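The values are calculated or read from the model by the stated rules, or taken from the named source; none is laboratory data. As the structure is a computational prediction, the values presented were derived from the model and not from experiment. Methodologically, a virtual Cβ is constructed for each residue, glycine included, from the backbone with ideal geometry; neighbour enumeration extends over all protein chains shown. Quick note on the areas: whole protein, heavy atoms, side chains included, nothing else; ligands and nucleic acids left out. Shrake-Rupley method; radii C 1.70, N 1.55, O 1.52, S 1.80 Å.
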Amino acid sequence: MSNEVLVINERVQGEIPDLTFELIGKGRELAQALGGSVSVAMIGDLSSLDAFGGADKVYTVEHPVFGSGYSAQAWEEAVAEVVAVARPKVVLFGTGTIGIDLAGSIAYREKAPLASYVVDLKVEGSDVVAVSQLYGGKLLAESLLEGETVVATVIAGSFPSEAGRSGGSPEVVSVAAPKSLDSLTLRPVAVKEPEKSGVDITAADLLVSVGRGVGSQANIEMLQELADALKVPLSASRPVIDQGWLPKPHQVGKSGKKVKPKVYLAFGISGAPEHLEGMRSSELIIACNTDPKAPIFEVAHYGTTLDLFDLVPEILEKLEA
Ligand SMILES: Cc1cc2nc3c(=O)[nH]c(=O)nc-3n(C[C@H](O)[C@H](O)[C@H](O)COP(=O)(O)OP(=O)(O)OC[C@H]3O[C@@H](n4cnc5c(N)ncnc54)[C@H](O)[C@@H]3O)c2cc1C
């Protein structure tokens, strides 16, 4: 068993997620405390391998199955193989689709403890301590993870990503694809692209974002007016999308888009972990929520408990003046 910290790069296609660099940066800190090294598992798409200068080692697994989309079964087999080769002390996933799919089964295979919804990690002696969010962020729980290997899923935005982007030339270790990848019972057949929309909430410097607190589709109009007056897109939490008040490309969060504007204005959004995952890295967060105990105020730089139906018309009036 090594004192290696293994980061799972959760990229199926496209760019390497920011989260991977967050985990490499944190992984480096843990590895230093453990007297070990930090490594990355790259499954399938091996492009941009040179982005991993912040790691000491990159394990790669190649197989044609990874070319046809995401299969939890294929990824589980591949990650398990990397873990078998690396014998890491710590395995780090994100609390996203892939991490939620795989962390439990990898922990089960390794008989390792698993901490989920983690927002902080540290080393105490030879053990790892994880701080997890409970009840949508209303409580924080600290757990001691004892074992030869321990597993954690980390909420995106918990650590700075810059620390994981430093230059270097990691050793590349090609891990032979496990035979089980040739006889999968669950294979991706097609990738369904989300509907195209003129809105790109990820590129905006300022976002007006609306949550369930707005109450109805008719009331969205007022927030749209504010967004139009500021010449920025209107984004939203998932319930607003699920109820059909705005189309899917407007959604911020775990199952929506990750945004990092200079200013994020949140109206009637409680601040559930799945929402925070998509916006907590915004430079300045300003929240309007009538509940002073709403978790959004834990990440907001400025906040008000004014009713959004009082505040928004006031802002519109000031903007028109
Ligand atoms: C696997 C999974 C993925 C998910 N992905 C996402 C995701 O991508 N994005 C996402 O957002 N959620 C996601 N969720 C849902 C998430 O858990 C929350 O349910 C959701 O974020 C809550 O949205 P909300 O804050 O708009 O609504 P609520 O939690 O209902 O909050 C509404 C808030 O509005 C406030 N309010 C009410 N009236 C007013 C008023 N007049 N003025 C001001 N404030 C008012 C209330 O105090 C309350 O805090 C996901 C959940 C799961 C399980």
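Table for the structure above
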quantity: Cα-based helix-to-principal-axis angle, 217-230 vs the chain, degrees rounded to 10; calculated: 90 degrees
quantity: Accessible solvent surface per residue of the stretch 5-183, calculated while the other protein chains remain in place, 1.4 angstrom probe, Å²; calculated: 40 Å²
quantity: Taking the convex hull of Cα positions in the stretch 5-183, its mean projected area over all directions (nm²); calculated: 9.5 nm²
quantity: Estimated inter-spin distance, Asp182 and Leu306, nm [label 7 Å along Cα→Cβ]; calculated: 6.8 nm
quantity: Other-chain or far-sequence residues with amide H under 5 Å of Met42's (modelled H); calculated: Tyr59, Thr60, Val61
quantity: Spin-label model distance (nm) - Asp228 vs Glu15, 7 Å beyond Cα toward Cβ; calculated: 3.0 nm
quantity: FRET efficiency estimate (nearest 0.05) - Cβ-Cβ, Arg212 to Ala84, R0 41 angstrom; calculated: 0.40
quantity: The stretch 97-153 and the stretch 228-285: distance between their alpha carbon centers, rounded to Å; calculated: 27 Å
quantity: Cβ-based net charge around Ser126, under 12 Å, with every Lys or Arg adding one and every Asp or Glu removing one; calculated: -3
quantity: Cβ-based net charge around Leu234, under 15 Å, with every Lys or Arg adding one and every Asp or Glu removing one; calculated: 0
quantity: Angle in degrees between helix 18-34 and the longest Cα principal axis of the chain, rounded to the nearest 10; calculated: 50 degrees
quantity: Rounded percent of accessible protein surface that carbon and sulfur make up, the chain, 1.4 Å probe; calculated: 51 percent
quantity: Antiparallel content of DSSP bridges confined to the stretch 5-183, in %, to 5; calculated: 35 percent
quantity: Computed [θ] at 222 nm, helices only, for the chain once each DSSP H run of length n ≥ 4 contributes -39500 (n - 2.57); calculated: -8500 deg cm²/dmol
quantity: Rel. contact order, % - alpha carbon contacts under 8 angstrom, at least six apart, the stretch 202-253; calculated: 38 percent
quantity: Difference of contour (0.36 nm per residue) and Cα-Cα distance, Glu221 to Glu162; calculated: 17.4 nm
quantity: Summed side-chain charge close to Leu184 - residues other than Leu184 whose Cβ falls under 12 Å, Lys, Arg +1, Asp, Glu -1; calculated: -1
